[in-house]
Amino acid sequence: MHKEEIMLLDIQNFSKSYNSKTKAVDGLSLQINEGDIYGFIGHNGAGKSTTLKCVSGILPFENGKILIDGMSIKDKPLECKKVMAYIPDNPNIYPHLTGIGYLNFICDLYGVNKENRNKKIAYYVNKLEISDILRDKISTYSHGTRQKIALISAFIHEPKLLILDEPFVGLDPKAIFILKSLMKEYVKKDHAIFFSSHVLEVVEKLCNKVAIIKNGKLISSGTLEEVKGDESLEDIFLELIDNV
């Protein structure tokens, strides 16, 4: 007997414009369920980051619905944000705080108790190998280390839905491998991850579902097998981007 799929993100005919002439995203519909690692790919300017910012409640939008765990991001933004986390492609975290100070700040925001937070902080900082610099100020961190702190801050309060914009940028190959493992582990807890990436090989190996967007319009979506068939994801992506 198959487990019933529970939808954590439902994007219905969503459109976003920055001016009266051009739609950054036009009529996008996607559904993401518990257990999904959903890759979102497209060329620069295709509408990926705009979509993720609207899903997370950062940007307003004109048309359609975005439901997170059954709640509208427009009507119940605070309730939605309690069950999700969003990490942009260039996280802007407080440079005057230490790493441990920032993680405790996030735990305070989301009501993570002291016992749980200490276990989770220890787990993730050891996994991503940054325990030795936790008491240093974030202003001294490299881009890759800031990215690790931002990612830990997303995982640590265990939101149902993780929204990640280019999460592998700035990470070295070992850190990328570790992050992929953490993402696979995370969705086994009935969570879901929706992320954008230009690294198509990573998307192909990591995701069970994928969507391709071009000039604000969805041109292909579904399971990885449905989208790419017997070809590589890179080949299908280039074919669709060039021909659609």
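Points worth noting:
- Helical contribution to [θ] at 222 nm, DSSP H n ≥ 4, -39,500 (n - 2.57), averaged over the chain, rounded to 500: -11000 deg cm²/dmol
- Additional length obtainable on full extension of the chain from Leu238 to Glu79, 0.36 nm per residue less Cα span: 53.4 nm
- Here the Gaussian network model covers the chain, with springs between Cα atoms less than 10 Å apart; of Ile213, Ile87, Ile178, Ile178 fluctuates the most.
- Between Ile219 and Met7, the FRET efficiency estimated from the beta carbon spacing at R0 = 22 angstrom works out to 0.50.
- Simple label model, 7 Å out from Cα along Cβ direction - Met71 to Glu158, nm: 1.8 nm
- Highest to lowest packing among 48-60, 130-142, scored as the average C-beta count within 10 Å: 48-60, 130-142
- Simple label model, 7 Å out from Cα along Cβ direction - Leu59 to His143, nm: 2.2 nm
- Build a GNM of the chain with springs between Cα atoms under 10 Å apart, and of His157, His96, His191 the one that fluctuates most is His96.
- Stretching Tyr18 away from Asn116 to a fully extended chain increases their span by 31.1 nm, per 0.36 nm per residue minus the current alpha-carbon distance.
- Listed by chain and number, the aspartates and glutamates whose alpha-carbon sits under 16 Å from that of Lys119, ignoring those within fewer than 8 places in the same chain, are Asp108, Glu129, Glu158.
- Calculated accessible area for the chain comes out at 49 Å² per residue, all protein chains present (probe 1.4 Å; ligands, DNA, RNA ignored).
- Tilt relative to the chain, helix 99-110 - C-alpha long axis, 0 to 90 degrees, to 10: 60 degrees
- Of all DSSP beta bridges in the chain, antiparallel share, percent nearest 5: 55 percent
- Across the chain, the relative contact order, built from alpha-carbon pairs under 8 Å that are at least six residues apart, equals 27 percent.
- Comparing Ile212, Ile93, Ile152 in a Gaussian network model of the chain where C-alpha atoms under 10 Å apart are linked, the largest mean-square fluctuation is found at Ile93.
- Links that overshoot a 26 Å alpha carbon limit, given the list Lys76/Lys214; Lys16/Lys76; Lys82/Lys228; Lys81/Lys184: Lys76/Lys214; Lys82/Lys228
- Overall, the accessible surface of the chain at a probe of 1.4 angstrom is composed of carbon and sulfur to the extent of 49 percent.
- Positive-end residue, the chain charge dipole about Cα centroid, Cβ charges, pick of Ser17, Ala46, Asn208: Ser17
- Residues in the stretch 212-235 that a label on Lys180 would reach, taking backbone N under 15 Å of a point 7 Å out along Cα→Cβ: 233-234
- When you work out D = kT/(6 pi eta Rh) for the stretch 120-207 at 37 °C and 0.692 mPa s, using the Kirkwood radius from C-alpha pairs as Rh and the Stokes-Einstein form, the result is 243 µm²/s.
The values are calculated or read from the model by the stated rules, or taken from the named source; none is laboratory data. All values reported here derive from a predicted model rather than from experimental measurement. FYI the Cβ positions are ideal-geometry reconstructions off the backbone, even for glycines, and counts take in every protein chain you see. Accessible surface is based on the protein model in full, side chains and every heavy atom, while ligands, DNA and RNA are left aside. Shrake-Rupley method; radii C 1.70, N 1.55, O 1.52, S 1.80 Å.
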